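Since every read-out is calculated from the coordinates, none of them should be taken as a lab result. In this text, all values refer to a predicted model and were calculated from it rather than measured experimentally. We place every Cβ from the backbone using ideal geometry, glycine too, and count neighbours over all the protein chains shown.
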Amino acid sequence: MTMEATRYDDGSITYPGHPRGPGGSEPVETIDLSEYTAEIVTWTTSTATPPGVREPNHLAIVEFDVEGESVRAIGQLTTGDVETGDEVRPVYVDELRDPGAGIREPESQAWDGYRFEPV
């Protein structure tokens, strides 16, 4: 499983990818962010979480440096023992939330993804 960002023909990179880049440019390649580390820009702990999401839920906005281009992502942290500026790496998890805790059929959605773990 990859954490796919998209590079556009003007050199910009977004996560997640889009059909057009920030300046209207075309996508030219994908980049697997799980191969990079990132820095925590800001983080918080939510104690009022949606059904099936662990409580407390530690979340962060992180910034990757991919060949001189800044790419930001938001996601769950593996721990609340972090500080702004800490280095983290994406780690794959099978379930970001309990598939049986929502109103949708568990088979109708993907429940896997990435959390950020301190390096």
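On the given criteria, is V119 in contact (Cβ under 8 Å) with a residue 12 or more places away in the chain, touching a strand residue (DSSP E or B) at 6+ places or on another chain (Cβ under 6 Å) and surrounded by fewer than 12 Cβ atoms within 10 Å (Cβ to Cβ)?
Judged against the criteria, V119 is a match.
So which residues in region 39-56 are among the charged types (D, E, K, R) and either farther than 25 Å from I103 by Cα or in contact with a helix residue (DSSP H, G or I) (Cβ under 7 Å, 6 or more places away or on another chain) (or both), if there are any at all?
Within region 39-56, E39 is the sole residue that qualifies.
How many residues are in contact with a helix residue (DSSP H, G or I) (Cβ under 9 Å, 6 or more places away or on another chain) and surrounded by fewer than 16 Cβ atoms within 10 Å (Cβ to Cβ) if we restrict to region 63-97?
2
Is it the case that some residue within region 43-54 is surrounded by 12 or more Cβ atoms within 10 Å (Cβ to Cβ), touching a Ser or Thr at 6+ places or on another chain (Cβ under 6 Å) and within 16 Å of E117 (Cβ to Cβ)?
Within region 43-54, not a single residue is surrounded by 12 or more Cβ atoms within 10 Å (Cβ to Cβ), touching a Ser or Thr at 6+ places or on another chain (Cβ under 6 Å) and within 16 Å of E117 (Cβ to Cβ).
Does region 6-42 hold any residues that are surrounded by 14 or more Cβ atoms within 10 Å (Cβ to Cβ), of a type in the set (G, A, S) and over 22 Å from V93 (Cα atoms), and which are they?
Those that are surrounded by 14 or more Cβ atoms within 10 Å (Cβ to Cβ), of a type in the set (G, A, S) and over 22 Å from V93 (Cα atoms): S12, G21, S25.
Given the criterion in contact with a Phe, Trp or Tyr (Cβ under 9 Å, 6 or more places away or on another chain) and of a type in the set (D, E, K, R), identify the matching residue among E63, E4, E55.
Every option except E4 fails the conditions.
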